[in-house]
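**Student:** Right, I'll just put the structure down here and ask away after.
Any read-out appearing in this document is the output of simple, stated calculations on the displayed coordinates, not a laboratory observation. Everything quoted here is computed from the prediction, not taken from an experiment. Positions of Cβ are generated from backbone atoms using ideal geometry, with glycine treated the same way; all protein chains shown enter the neighbour counts.
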Amino acid sequence: MDYEDAIVVKNLYFSYNEKLVLKNINLQIKKGEIVTIMGENGAGKTTLIKHFNGLLKPKKGKVIVLGMDTSQTPVSQLARHVGMVFQNPDYQLFAETVEEEIATALRNFGFPEEKVKARVEWALKVFELDKYRKRSPYLLSIGERKRLSIASVISYDPPIVVLDEPTAGQDFLQKEKIAELLFLLKQMKKTIVMVTHDVEFAIKRSDRIVLMADGEIIAQGPTFEIMSSIELLERARLKPPQIIETAYILKRKKILPSEISIFTPKDLVEAIARNVDA
Amino acid sequence: MLEGFLYKPKESPLHKLDPRSKAVILVFYTVASLIYLDPIVLVLLLLSVVLLSIVGRCVREWSKSVKATLTFALVIFILNVLASPGLGYTYALAMSLRFLSLAAAFSLYFLTTPPEALALSLEAAGLPRDFTLMLTLSLRFVPTLARDLQIVTDAFRSRGLKLDSGNYVERLYNFAKLLTPLIVFEIRRSLMIAEALESRGFGGAVKPSLYKPPKMSLIDYMITAGGLVALGVIVYYHLGFPQ
C-alpha cells in the first residue's frame, strides 16, 4: 500500500438483508485531500462512509484506513483515527452541557484530564460555542447543534474527518461557517471525506469528486472534470452547479466558444467580456 | 425480537380472517393460558399455536419471537423456583409455559394482522379514533425506533463509546447513554407527527367515514361463534355457573 493513502477501498461489496447495496467499489483517498462523494438518495454513499470507521464491515473486498484493515480492527480503535460527523446532530448529542458533550469523546479515548480541558476550550472557541458552554445541547439552534456535533469530533484531533451531509438544513451563513471550518481542517492537513447533494458547496470546496449511482462508482476525478460533465451529473441525478449550467447554455447558443473552460463566476465574466470585445 | 411481532404480508387463510374474529381466538388463548396451571394443557395450547403458525405460513418469523421469549421464560422458571420453593418445579414450569403460550399467541396474531386493519375494525366496533390511532402509530413506529437506535449506536461508537467490550456493568452504563438522544428524538418526532396530523384536520368536529368499512365473512362469523362457545365452556368448567 502507498504510504500517501489515507483510505484505500479494494473491490468492496456490501449487502443489507441479501440486497446488494455496494458493488465493486474501488477508491483511493490521499492524505490531506478533500473528497466529496455525491449521488442520488439510495446510491450507497452513507453505506460506503460507514465502512471507513468500521461501523460496517465489507462482505467482500477490503477497506484499509491508514494501514489498518477495517475488518480486523475494532470500531473504537478506528474511530480514534476517523472522526465521523453524522447528518442529524440530534442523534448524537446527549450530555447535560455543551462542554461535557465535547469532552465525551476525549474521555472515551483516554485523554489525560488536563488535555481534555485544553481541547474543550479550543473547540469552544473555534466553533464559537463558548458562550453556551453551560447550556444543554438540546437548547441550541439547529446550526449551533450542527457545529457542536462537528466540534465534539474535531476536538479529539482525528487525522481523517468524514462528514455526512454537512450543509443539509443549514442557511447560507451556517454553510459559510462550515466552509471556513473545512478550510481550517485543510490547513491542519486533515483528510476530509464529505457526502453531500449540495453541488454549489461541493464545486467550491472539494479537490476531487466521486459520483455514485446504484451502489457503484460511476465516475471519479478532479472536481472541475466531473462537474463540467452535465451527462455524468445527470446519470447521478444531480443538477449541475448554476455557473456550469449557464456556461453550457451560452456555449450551446454559440455565444461562447465550446472549448473554453468555465468554473467560477470570474471565468464566466472574463469569457463574456472577451467575446463581446471580439 | 420485535420483528416477531410485526405484520408480514402473506397469502394465507389466517391473513384473510377479519381481525375481530382472530381477536376472539386470541382472547380464548389468553384466558385458557391464564386459568390452566396444568403443564400438559399449556403444552397442548402451545402446540396448537404451532399448527396455526403453519396454517398462517409464518413459522420462521414466529419461531424467532418464540426463541427470543425463551430467555424470559427461563428467568421466570428460575425466579419461581427460588421465590416459591414450596410449590415445586411443576408450578414453575407451568408459569414459564403460560408466558410462552401467551407470547406465542400474541406474536402470531400481530404477524398475520395488518395494524391498519386492526384499527379499522376496532373503529368499526365503536372505539374512539384517538385510541385506534394510538395503537396503529405505536406499532408503526417499532421499526422506526429500531432504526433510530441503530443510528444513535453508530454515532456513539464513532466517538469511541465501547458497547461490545468491557464488563456487564460498564456495558449497561454505556447503553444507558444511548437513551438520552433516543428519548429526546422520539419526543421531538411525536410532536412533529401531532402537528402534521392536526394540520391535516385530525380531531375535527366531523366524524370521519371509513374508506373501506371492514366486513366479516361467513367463516369469520363461524370462527367468532366457535371461539365464544369454547371460551364459555372453559370459563364454565373452571369457575362454575355464577349462582
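**Student:** Which of B:231, B:182, B:70 ends up with the largest GNM mean-square fluctuation for chain B, with Cα atoms connected below 10 Å?
**Tutor:** Of the options given, B:182 has the highest mean-square fluctuation.
**Student:** For chain B, set up a Gaussian network in which alpha carbons nearer than 10 Å are linked by springs, and say which option among B:130, B:18, B:164 fluctuates the most.
**Tutor:** B:164
**Student:** Which value at 222 nm does the protein assembly as shown reach when only helices count, each DSSP H run of 4 or more adding -39,500 (n - 2.57), with the total divided by all residues and rounded to the nearest 500 deg cm²/dmol?
**Tutor:** The per-residue figure over the protein assembly as shown is -18000 deg cm²/dmol.
**Student:** Let me ask something else about it. For chain A, find the longest principal axis of its Cα atoms and tell me its angle to the long axis of helix A:113-126, 0 to 90°, nearest 10.
**Tutor:** That helix lies at roughly 30 degrees to the long axis.
**Student:** Next up: Would you mind pulling out the separation of the Cα centroids of segment A:53-78 and segment B:65-96, in Å?
**Tutor:** 43 Å
**Student:** Let me spell out the model: positive unit charges on the Cβ of Lys and Arg, negative unit charges on the Cβ of Asp and Glu, origin at the Cα centre of the protein assembly as shown. What dipole size does that give, in debye rounded to 20?
**Tutor:** The calculated dipole for the protein assembly as shown is roughly 460 debye.
**Student:** Order these by the 10 Å Cβ neighbour count, fewest first: A:251, A:60.
**Tutor:** By the 10 Å Cβ count, ascending, the order reads A:60, A:251.
**Student:** Do any GluC sites (Glu not before Pro) in segment A:123-223 lie in a loop, going by DSSP, with at most 16 other beta-carbon atoms within 10 Å of their beta carbon, and if so which?
**Tutor:** Sparse-neighbourhood loop GluC sites (Glu not before Pro): A:128.
**Student:** Running a GNM on chain B with Cα contacts under 10 Å, which residue among B:39, B:85, B:214 ends up with the highest mean-square fluctuation?
**Tutor:** Fluctuation is largest for B:85.
**Student:** Right, something else. Report the antiparallel proportion of the DSSP beta bridges in the protein assembly as shown as a percent, rounded to a multiple of 5.
**Tutor:** Antiparallel bridges: around 55 percent, rounded to the nearest 5.
**Student:** Ignoring trypsin sites (Lys or Arg not before Pro) that are buried or in helix or strand per DSSP, and keeping those with at most 10 other beta carbon atoms within 10 Å, what is the longest stretch of chain B between them?
**Tutor:** Result, exposed sites excluded: B:1-199.
**Student:** Give a quick list of trypsin sites (Lys or Arg not before Pro) in segment A:171-216 that DSSP marks as loop, anything other than H, G, I, E or B, with at most 10 other Cβ atoms within 10 Å.
**Tutor:** Listed in order of number, the matching sites are A:189.
**Student:** Same structure, new question: Compute the angle between helix A:98-108 and the longest alpha-carbon principal axis of chain A, please, reported from 0 to 90 degrees and rounded to the nearest 10.
**Tutor:** So the helix axis and the longest Cα principal axis differ by about 80 degrees.
**Student:** Restricting to Cα pairs below 8 Å that are 6+ residues apart, what does the relative contact order work out to for segment A:46-103? Please round to a whole percent.
**Tutor:** In percent, rounded to a whole number, it is 25.
**Student:** To the nearest 20 Debye, how big is the dipole of segment A:4-150 about its Cα centre, given +1 on the beta carbon of each Lys and Arg and -1 on that of each Asp and Glu?
**Tutor:** The calculated dipole for segment A:4-150 is roughly 360 debye.
**Student:** If you only keep lysine pairs separated by 8 or more in sequence, or across chains, how many in segment B:1-155 come under 21 Å at the Cα atoms?
**Tutor:** The result is 6.
**Student:** Among A:269, A:185, A:256, pick out the residue whose Cα is farthest towards the positive end of the charge dipole of segment A:143-278, where Lys and Arg carry +1 and Asp and Glu carry -1 on C-beta, about the Cα centre.
**Tutor:** So the residue furthest toward the plus end is A:269.
**Student:** Would you work out the relative contact order for chain B, in percent, from Cα pairs under 8 angstrom that are 6 or more residues apart?
**Tutor:** 30 percent
**Student:** On a straight-distance basis, which aspartates and glutamates could pair with residue A:254 in a cross-link, Cα separation under 15 angstrom, same-chain partners fewer than 8 positions away excluded?
**Tutor:** The reachable aspartates and glutamates, counting only those whose Cα sits under 15 Å from residue A:254, are A:245.
**Student:** Can you list the trypsin sites (Lys or Arg not before Pro) in segment A:124-173 that are in a DSSP coil and have 10 or fewer other beta carbons within 10 angstrom?
**Tutor:** A:134
**Student:** Rounded to the nearest Å, what's the spacing between the alpha carbon centres of segment B:203-234 and segment A:175-233? Just the number, please.
**Tutor:** Each part reduced to its Cα centre gives a spacing of 58 Å.
**Student:** Under 28 Å from the Cα of residue A:131, which lysines turn up, not counting those fewer than eight places away in the same chain?
**Tutor:** A:115, A:117, A:146, A:175, A:177, A:186, A:190, B:177
**Student:** A further question on this structure: If the reach is capped at under 18 angstrom between alpha carbons, list the lysines near residue A:266, excluding any in the same chain fewer than eight residues apart.
**Tutor:** Cα-Cα hits under 18 Å: A:204, A:251.
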